[in-house]
Amino acid sequence: MKNIIFATHNEDKMKEIREIMKDLQYRILSLKDIGLKQDVIENGESFEDNAILKAKAFMDITGEIVLADDSGLEVDFLDKAPGIYSARFLGEDTSYSIKNQYIIDKLKHTKGDDRSARFVCAVACAFPSNEIIVKRGVIEGVIANEIMGSNGFGYDPIFYVPSFKCTTAQMDIEIKNKISHRALALTEIKKVLLKR
Ligand code: IMP
């Protein structure tokens, strides 16, 4: 069985990707599984750039097929911030209760469509042949009026999905993992891998 490495140190992401990729004829390994501790500097200008940078760097190191992702929250009223800077927004060590309250406060005089936002995820797949494919997954929503829910992580407590009438932090984790930006992008990558 061939290996696919998913370039992350995040075990929650690994659970999600193993679930989505379980019917592929590949062994899915994390960086931890192969004993790599390195990180790649994400200095691209888009989610796609950063995902490609990571996938390519770890493919060069391992010689295996490597998947990597980059994701974040785009708030239209804030000119799509925090976007690719989602993790670093207001400082890497600032708590998400502060980041989330900051966004809510910034939008306090807005309503309806002015509160539109989306989670975006780009997943890149780098092959040892140097071929690279990249796919984007998006989930649309609005910024909630207050912090709601305790599941998930990051910006989940302020990301309200109208069709589910709740934030992604109030959603069952299994449901979020099915409809998430990451799941959508990974599913597209999986379709490509299944054809090979
Ligand atoms: P990365 O793709 O691991 O670099 O994540 C970037 C950042 O985007 C995370 O640290 C979160 O702040 C945010 N983010 C990405 N996906 C999600 C999500 O599903 N829920 C909440 N926040 C997210």
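The values are calculated or read from the model by the stated rules, or taken from the named source; none is laboratory data. All values derive from a computational prediction rather than experimental measurement. A quick note on method: Cβ atoms are made from the backbone with ideal geometry, for glycine too, and the neighbour counts reach across all protein chains shown. Quick note on the areas: whole protein, heavy atoms, side chains included, nothing else; ligands and nucleic acids left out. Shrake-Rupley method; radii C 1.70, N 1.55, O 1.52, S 1.80 Å.
A Cβ-based charge dipole, computed about the Cα centre of the chain with Lys and Arg at +1 and Asp and Glu at -1, lands at about 580 debye. With coordinates expressed along the principal axes, the C-alpha atoms belonging to region 96-196 extend over 51, 25, 24 Å, beginning with the largest.
Solvent-accessible surface of region 2-195, averaged per residue with a 1.4 angstrom probe and all protein chains in place: 51 square angstrom.
As a calculated quantity, the FRET efficiency between Met1 and Lys165 at R0 = 45 Å, using C-beta atoms, amounts to about 0.60.
By the helix-only formula, in which each DSSP H run with n ≥ 4 contributes -39500 (n - 2.57) and the sum is divided by residues, the chain has a 222 nm mean residue ellipticity of -9000 deg cm²/dmol. Using 0.36 nm per residue and subtracting the Cα-Cα separation, the extra length available between Phe153 and Leu194 on full extension is 11.7 nm.
Using a Förster radius of 25 Å, what is the FRET efficiency between Asp105 and Asn10 based on their Cβ-Cβ separation? Nearest 0.05, please. That pair, Asp105 with Asn10, gives E of 0.30.
Of all DSSP bridge pairs formed entirely within the chain, close to 75 percent run antiparallel. When the solvent-accessible area of region 97-196 is split by element, carbon and sulfur atoms take up 53 percent of it, the probe being 1.4 Å.
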